[in-house]
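A short worksheet on the structure shown next.
We did not get these values from a lab; they are worked out from the coordinates using the rules stated. Keep in mind the model is a prediction, meaning the values are calculated, not measured. Ideal geometry is used to build each Cβ from the backbone, glycine not excepted, and the neighbour counts take in all protein chains shown.
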Amino acid sequence: MDADTIREIFADVLPVRVTRLFGGHGIYDGDLIFAIQAGGEIYLKTSDATRQRFVEAGSEPFVYRQRSQPRDLGYWKLPEAALDDPDVLRHWVELALQAARERASAKVRRRG
């Protein structure tokens, strides 16, 4: 999946910035990364507050293997229904943005 295809997927919801990331892509709203693309799939950022909704939708986590150890980065696969309906996509993107903002805010508090 290339950057133009990713931008097209999100076009009805928000304009995204796409960068190369670990053989895939990082997907941003401004400077806030809220999704990644890897292996032809899009994964959205989750938090403790939002993860259960992804589980209930039948989503699966993105697992990165670091030194042959699985590492959960907190991204879960975009539910298939979101690719067919901009309103459904908007719902999932809003959850991902919420999780990404929480994560960014927590990083600022730790530094401060």
Fill in: Residue tally, condition touching a residue at least 12 places away in the same chain (Cβ under 8 Å) and touching a Pro at 6+ places or on another chain (Cβ under 8 Å), over region 47-63
4
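Can you pull out every residue in region 86-108 that is free of Cβ contacts under 8 Å to residues at least 12 places away in the same chain, more than 13 Å from the chain's Cα centre (by Cα) and either surrounded by 14 or more Cβ atoms within 10 Å (Cβ to Cβ) or over 14 Å from Leu14 (Cα atoms) (or both)? Give the derivation first.
Quick first cut of region 86-108, residues free of Cβ contacts under 8 Å to residues at least 12 places away in the same chain only: 87-88, 91, 94, 105-108.
If we keep only those that are more than 13 Å from the chain's Cα centre (by Cα) as well, we get 87-88, 105-108.
Passing the criteria: Val88, Ser105, Ala106, Lys107, Val108.
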Fill in: Members of region 4-19 that are closer than 19 Å to Glu41 by Cβ and acidic (Asp, Glu)
Asp4, Glu8
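Can you name every residue in region 7-29 that is exposed (fewer than 13 other Cβ atoms within 10 Å of the Cβ), in a strand (DSSP E or B) and not hydroxyl-bearing (Ser, Thr, Tyr)? Spell out how you get there, then give the answer.
Our first condition is that a residue be exposed (fewer than 13 other Cβ atoms within 10 Å of the Cβ); within region 7-29, this holds for 8, 11-12, 15, 19-20, 22-23.
This time we only want the ones that are in a strand (DSSP E or B), so: 19-20.
Hit for region 7-29 is Arg20, nothing else.
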Fill in: Filtered residues of region 26-72 (kept if within 24 Å of Asp4 (Cα to Cα) and aliphatic (A, V, I, L, M))
Ile27, Leu32, Ile33, Ala35, Ile36, Ala38, Ile42, Leu44
Worksheet item: So, in region 63-80, of the ones that are in a strand (DSSP E or B) and either aliphatic (A, V, I, L, M) or loosely packed, with under 10 Cβ neighbours inside 10 Å (or both), which residue ends up nearest to the chain's Cα centre (by Cα)?
Response: Leu73
Discussion item. Being free of Cβ contacts under 8 Å to residues at least 60 places away in the same chain and under 17 Å from Leu83 (Cβ atoms) is the filter here; which residues of region 12-23 pass it?
Written reply: Val16, Val18
